[in-house]
Amino acid sequence: MKRFVMALALALLLASGATAEGPVEFDFVIPYFTIDGWEENTLFSLVNASDEAAVVRASFFGVEDIPAAPSGSALFSVEPWATTSVSLRDFLCPDYGSCTLEGWIGIEQLS
């Protein structure tokens, strides 16, 4: 629980003004995380508090990637007044389910 609170505080700090080097800015950042096999996972929720559907892009950056060049990304659609939960393990390793990854996620609302 303590790691979660510290990660959340860091994410809020990064999202509120601290930016990574490079031309890309994100609405929200999930800071450094690791996923190692089936035992570890990182979950986050996308909340749409508006009357219109929203499209959100989540981009994964490995520890060697620069902010302008993600290793991969995915689009998520969130219905009006709905919450969508995302599993990083399922999002980043859909074919295998078990993988080892290190990096961070940048999230931006497209519409």
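In the context of the full set of protein chains, residues of segment 51-92 present 55 Å² of accessible surface per residue (probe radius 1.4 Å, heavy atoms only). Each residue was assigned an accessible area with a 1.4 Å probe, and for GLU102 the value is about 90 Å². Tally up the carbon and sulfur contribution to the accessible surface of segment 52-111 as a whole percent, 1.4 Å probe, everything protein left in place. Taking all protein chains in place, segment 52-111 shows 50 percent carbon and sulfur surface. Here the extension length gained between PHE33 and SER45 equals 2.7 nm, from 0.36 nm per residue of separation less the Cα-Cα distance. Here VAL56 sits with roughly 20 square angstrom of accessible surface, probe radius 1.4 Å. Heavy-atom accessible surface of LEU110, to the nearest 10 Å², is about 80 Å², with a 1.4 Å probe and all protein chains retained.
The values are calculated or read from the model by the stated rules, or taken from the named source; none is laboratory data. None of these values were measured; they are calculated from a predicted model. With ligands, DNA and RNA removed, areas are computed over all heavy atoms of the protein, side chains included. Shrake-Rupley method; radii C 1.70, N 1.55, O 1.52, S 1.80 Å.
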